[in-house]
Amino acid sequence: ATMPPLLAAIANAGRHGVLVKSAVVMERLGTITRVAFDKTGTLTRGTPELAEIRSVSDDYDTDETLRLAATAEHPSEHPLARAIVRAARDRGLQLPLVDDFTARPGRGVTACAEGRSIEVCSPSALAEPCAADTAAANAIVEFHARGQTVVVILIDARPAGVAAIRDQPRRDAAVAVSACEAVTGTAPVVLTGDSAVTARQLAAQVGITDVRAGLLPDDKVGAVHELQTAGADVAVVGDGINDAPALAVADVGIAMGGAGSDLTLQTADAVVIGDELTSVPTILDLARRARRIVI
Ligand code: ADP
Ligand code: MG
C-alpha cells in the first residue's frame, strides 16, 4: 500500500533530520512564505567563545570578574553562559556554589554567591547609573564594533567587567538562508535579542539584510505578528527559551534540537534533530511538493 502524501512527507522529513510533530504541521509547512531565524544558536553554531574580558573596576581584576560571572552563569543553559563557564575552567578558576539563581530570558542572569549579588546581562538591560559608567560604556562600544556579543558583569549592582563573546555562523547558514529564499520567494529575517551592530555583522555574513535586534522574548512575538499582519505565513526557527513565545505564535515553530532548551523543543511544531540548518529549506520544499499532490 502507498502512504498518504502527508505521511510520506513526514517520513521523508525524518530522513532529512527533522521531526515534524503532526500531519497538520506538515501541511502548514507547505504554505510558509517567510522564514524568521533567531541568531544565537540558530544562525550561529551555539558554541561561542570568550574573546576578551575586561575589568572596569579597581575592586575586581579580570580573573575575579570571570570567576564570579561563571559562578552566576553555571546553572544557565544559554550558549553565552556556557562560553563564560568554559573560559573560567580553562583558566583553572574554582567556582563556588550559587545560593540563588534567576534567568531572565533575553536579558541575562542574576545570582548570589559568597555573600555578593552577581548579574551578567545584556548592555541594553543595564539600569541608568550602570549604563553611565564610562569605562564600561567604552568597552561596550569597542566590543560591539568588532561584531562580538557583549555582556556586562555587575557585582553588588556595580559594573565590574565587560566581556566580548565571539560566535561563528554555522557552516551551512548562508546556504540555508539562500535556499529558504529560493523556496519561499522572500528574504529571511533575523530576530535577535543581541545588539543591532553585532547582529547586522553576523546577518551580513549569512546573506540577511532584514535584522530586528534588541528584542526581548515578547518583542519577538510582536515581530512575528507584524510579518503575519503583512500577509505572510511565518516559520520561526530558534533554539532558546527566549524563542519559545515566538515559536508558539508562528504558523510553524521550528526548534534546533542540538542544544535547544526543553521548553523550546516542547513548544515547537517541528524539531531539527540533525545539526543542519539546511534541513529547514529542505522540508519547506518537501512540504510544498506534498501539498501539490494532496490538492
Ligand atoms: P538571541 O535572540 O540572539 O538568541 P538572547 O535573546 O538569548 O539572544 O539574548 C539576548 C541578549 O541577552 C544576549 O546578547 C545577552 O546580551 C543577554 N543574555 C541572555 N541570556 C544571557 C545569559 N545567560 N548570560 C548573559 N547574557 C545573556
Ligand atoms: Mg538563540
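Structure data summary
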| read-out | value |
| --- | --- |
| Flag if Thr110 is touching a strand residue (DSSP E or B) at 6+ places or on another chain (Cβ under 7 Å), more than 16 Å from ligand 2 (Cβ to nearest atom) and not assigned by TED's automatic domain parsing to the domain that holds Leu263 | yes |
| Checking Ser55 against (1) within 16 Å of ligand 2 (Cβ to nearest atom); (2) touching an Asp or Glu at 6+ places or on another chain (Cβ under 6 Å), the condition it does not meet | (1) |
| Those residues of segment 185-204 which are buried (at least 19 other Cβ atoms within 10 Å of the Cβ), in a helix (DSSP H, G or I) and touching a strand residue (DSSP E or B) at 6+ places or on another chain (Cβ under 6 Å), in sequence order | Thr198, Ala199, Ala203 |
| Matching option when the condition is away from ligand 1 (no atom under 14 Å from the Cβ), farther than 26 Å from Gly253 by Cα and not basic (Lys, Arg), among Val141, Val151 | Val141 |
| Filter result (of a type in the set (Gly, Ala, Ser), surrounded by fewer than 20 Cβ atoms within 10 Å (Cβ to Cβ) and either closer than 24 Å to Ala196 by Cα or modelled with pLDDT of 95 or more (or both)) within segment 23-56 | Ala51 |
| Unmet requirement for Leu263, which otherwise passes all of (1) in a helix (DSSP H, G or I); (2) within 19 Å of Thr186 (Cα to Cα) | (2) |
| Evaluation of Gly231 against (1) touching a helix residue (DSSP H, G or I) at 6+ places or on another chain (Cβ under 9 Å); (2) at pLDDT 95 or above; (3) outside any helix (DSSP H, G or I) (one fails), failing number | (1) |
| Given (1) in contact with a strand residue (DSSP E or B) (Cβ under 8 Å, 6 or more places away or on another chain); (2) more than 19 Å from Arg15 (Cα to Cα), number of the condition Ile293 does not satisfy | (1) |
| Selection count where residues are touching a Phe, Trp or Tyr at 6+ places or on another chain (Cβ under 8 Å) and part of a helix (DSSP H, G or I), scope segment 1-58 | 1 |
| Qualifying residues in segment 91-121 (those that are small (Gly, Ala, Ser) and within 16 Å of ligand 1 (Cβ to nearest atom)) - the one surrounded by the most Cβ atoms within 10 Å (Cβ to Cβ) | Gly108 |
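The values are calculated or read from the model by the stated rules, or taken from the named source; none is laboratory data. Since we're looking at a predicted model, the values are computed, not measured. Ideal geometry is used to build each Cβ from the backbone, glycine not excepted, and the neighbour counts take in all protein chains shown.
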